[in-house]
Amino acid sequence: MIDTTIFENKTAAYYTLGCKLNFAETSTIGKMLAEAGVRKAREGERADICVINTCSVTELADKKCRQAIRRIHKEHPGAFVVATGCYAQLKPEEVAAIEGVDLVLGAEQKLDILQYINSLQKCGEDEAGRVAVTPSKDIRRFSPSCSADDRTRHFLKVQDGCDYFCSYCTIPFARGRSRNGSIASLVRQAEEVAREGGREIVLTGVNIGDFGKTTGESFLDLIRALDRVEGIERYRISSIEPNLITDEAIDFVAGSRSFMPHFHIPLQSGSDSVLKLMRRRYDTALFRHKIEKIKQVLPEAFIGVDVIVGTRGETAAYFEETRRFLEDLDITQLHVFSYSERPGTMALRIDNPVPPEEKHRRSQVLLELSERKLAAFYEAHIGETARVLVEHTQHGEWMHGFTENYIKVELPYDERLSNEVRSVRLGGWNEDRSALKGEL
Ligand code: SF4
């Protein structure tokens, strides 16, 4: 039994680092604390409880988490500090040793945050010694999560964990095995978003194409069911593995009511030799086929592609293969990441690490390629009329929105347009070339 009196009149502050999944999960933790009577601290107000949801995707991410925890401890002296998320799961002792941390919650335990705080009976009242809960390695539960950003999007977690064990990745250790919510429960969450006035949902997960491991359902069944939810006008599918996005799913998106012509597919390397070193489950021929398939049924689709440069074993010749492969491919934008050594991964056994300055050079080459492709994509749509979902936020005299195929559009600020879908004529570039100017 939870003694909710210890939460009465308490305030909490939340900090999230990393991916959209983390943001969605922080929102779930916030709801649990709110139901127990904890109020969200206002800007600048000292909180009684601080929850920090950490990320560990790179060494730099770990460092940012440490800095954030220290800063938060200073900003909220005496607060009960809870660290959770991937960094907390992977390196609990390291996190517990950071000044100010009272409780380290693993991926499995974060759903029991109330019980843990309750059993520690602290919440700023008890100054007893520091407590670190060592996260367990067995992560099985699926925590349903959905969060709204400060623009117009909602992020619905449909899947968690990963069974792939790519050689460079620690996510399967941080988030456990692949599991998912049921289609019925996810449809209910989407209906709830629609009731609250939400119009756009981004489906998130670690390996969402693997959806259905726990329920025996399929990703295709999921998107078919969500497409029928009234009120949701737009869905976007966040990153999906190339070997798991089926031709049927691509055809469905092309004919669907609400799934946008927008894909995000991790390639990681355009060299088959490097893909093998990475233990990825496809080759460049399969990847090319998926891009061609999308472009055949959705010629206007925006396709974002993740690439990692400087992985161990990526010779100059292999990198050049990647560059050429990407140059040729009809894609829109690259998300370029520099390989980061992660303790405990199999990639550490591969010879020939790439020096940092060479990683930087390769990254610059691909970023420049990405800029060219993105500019060409935007410019090809100038003069067209597109449906734009306008966001809430005001940027000086401007507001922004996105077309169905994810072109950013800038409009003069007008409160009445917020969260509205409008037909907009796409003009030339805005001042800093970050969007196209739109005319209603
Ligand atoms: S598919 Fe590979 S890179 Fe993606 S989370 Fe799973 S192990 Fe990591």
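Within the stretch 388-440, track down each residue that is in a strand (DSSP E or B) and among the small types (Gly, Ala, Ser). Don't jump to the end; show me each part of the working.
Our first condition is that a residue be in a strand (DSSP E or B); within the stretch 388-440, this holds for 388-395, 398-403, 408-412, 421-429, 436-439.
Answer for the stretch 388-440, where residues must be in a strand (DSSP E or B) and among the small types (Gly, Ala, Ser): Gly401, Ser423, Gly427, Gly428, Gly438.
Every residue, every condition in (1) crowded, with 23+ Cβ neighbours inside 10 Å; (2) in contact with a Lys or Arg (Cβ under 8 Å, 6 or more places away or on another chain); (3) charged (D, E, K, R), yes or no:
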{"residue": "Phe7", "(1), (2), (3)": "no, no, no"}
{"residue": "Lys10", "(1), (2), (3)": "no, yes, yes"}
{"residue": "Asn22", "(1), (2), (3)": "no, no, no"}
{"residue": "Thr28", "(1), (2), (3)": "no, no, no"}
{"residue": "Lys31", "(1), (2), (3)": "no, no, yes"}
{"residue": "Val38", "(1), (2), (3)": "yes, yes, no"}
{"residue": "Glu59", "(1), (2), (3)": "no, yes, yes"}
{"residue": "Arg71", "(1), (2), (3)": "no, no, yes"}
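Residues that are outside the structural domain of Ser338 (by TED's automatic domain parsing), at least 2 per element: which helices (runs of 4 or more DSSP H) completely within the stretch 195-304 meet that? Before the answer, list the steps.
On the way: elements: 219-227, 247-255, 272-277, 284-297.
Passing ranges, in order: 219-227, 247-255.
Go through the residues of the stretch 49-62 one by one and say whether even a single one is under 19 Å from Cys162 (Cβ atoms), β-branched (Val, Ile, Thr) and at pLDDT below 95. I'd like the intermediate steps shown before the answer.
Just the residues of the stretch 49-62 that are under 19 Å from Cys162 (Cβ atoms), to begin with: 53-58, 61.
Cutting the leftovers down to β-branched (Val, Ile, Thr) gives us 54, 57-58.
Filter once more, keeping what is at pLDDT below 95: 57-58.
Yes, the stretch 49-62 has at least one match.
Please specify each residue of the stretch 251-281 satisfying the condition of being over 15 Å from Ile240 (Cβ atoms), within 12 Å of the ligand (Cβ to nearest atom) and among the aliphatic types (A, V, I, L, M).
Leu275, Met278 - these are the residues of the stretch 251-281 that are over 15 Å from Ile240 (Cβ atoms), within 12 Å of the ligand (Cβ to nearest atom) and among the aliphatic types (A, V, I, L, M).
Among the residues of the stretch 35-46, are any at pLDDT below 95 and assigned to a helix (DSSP H, G or I)?
The answer is yes; a qualifying residue exists.
Can you name every residue in the stretch 197-219 that is surrounded by fewer than 18 Cβ atoms within 10 Å (Cβ to Cβ), at negative phi and either within 16 Å of the ligand (Cβ to nearest atom) or free of Cβ contacts under 8 Å to residues at least 12 places away in the same chain (or both)?
Lys213, Ser218
Picking from Ile232, Ile240, Ile250, which residue would you name as being touching a residue at least 12 places away in the same chain (Cβ under 8 Å) and within 30 Å of Ser338 (Cβ to Cβ)?
Answer to the selection: Ile240.
Scan the stretch 274-289 and report the pairs whose first residue is without any contact (Cβ under 8 Å) to a residue 40 or more places away in the chain and whose second residue is away from the ligand (no atom under 14 Å from the Cβ), with Cβ atoms within less than 7 Å and a gap of 6+ or a chain change.
Leu275/Asp283; Asp283/Asp272
Go through the stretch 151-163 and give me each residue that's surrounded by fewer than 19 Cβ atoms within 10 Å (Cβ to Cβ) and near the ligand (Cβ under 9 Å from one of its atoms).
Here is the first cut: in the stretch 151-163, the ones surrounded by fewer than 19 Cβ atoms within 10 Å (Cβ to Cβ) are 151, 163.
Result: Asp163, single match.
Considering only residues of the stretch 220-250 that are hydroxyl-bearing (Ser, Thr, Tyr) and touching a strand residue (DSSP E or B) at 6+ places or on another chain (Cβ under 8 Å), which is farthest from the ligand (Cβ to nearest atom)? Let's see the steps before the verdict.
Let us first name the residues in the stretch 220-250 that are hydroxyl-bearing (Ser, Thr, Tyr), namely 235, 238-239, 246.
Subsequent filtering for residues that are touching a strand residue (DSSP E or B) at 6+ places or on another chain (Cβ under 8 Å) retains 235, 238-239.
On the way: Tyr235: 21, Ser238: 12, Ser239: 8 Å.
If we take residues in the stretch 220-250 being hydroxyl-bearing (Ser, Thr, Tyr) and touching a strand residue (DSSP E or B) at 6+ places or on another chain (Cβ under 8 Å), then Tyr235 is farthest from the ligand (Cβ to nearest atom).
Before we move on, is Ile183 more than 16 Å from the ligand (Cβ to nearest atom), out of contact with any Phe, Trp or Tyr (no Cβ under 6 Å at 6 or more places or on another chain) and β-branched (Val, Ile, Thr)?
Answer is yes for this residue.
Taking Ile171 and the conditions (1) free of Cβ contacts under 8 Å to residues at least 12 places away in the same chain; (2) within 16 Å of the ligand (Cβ to nearest atom), which numbered condition does it fall short on, given that it satisfies the others?
(1)
The values are calculated or read from the model by the stated rules, or taken from the named source; none is laboratory data. Please read these numbers as outputs of a predicted model, since none were measured by experiment. Using ideal geometry, Cβ is built from the backbone for each residue, glycine included, and neighbour counts are taken over all protein chains shown.
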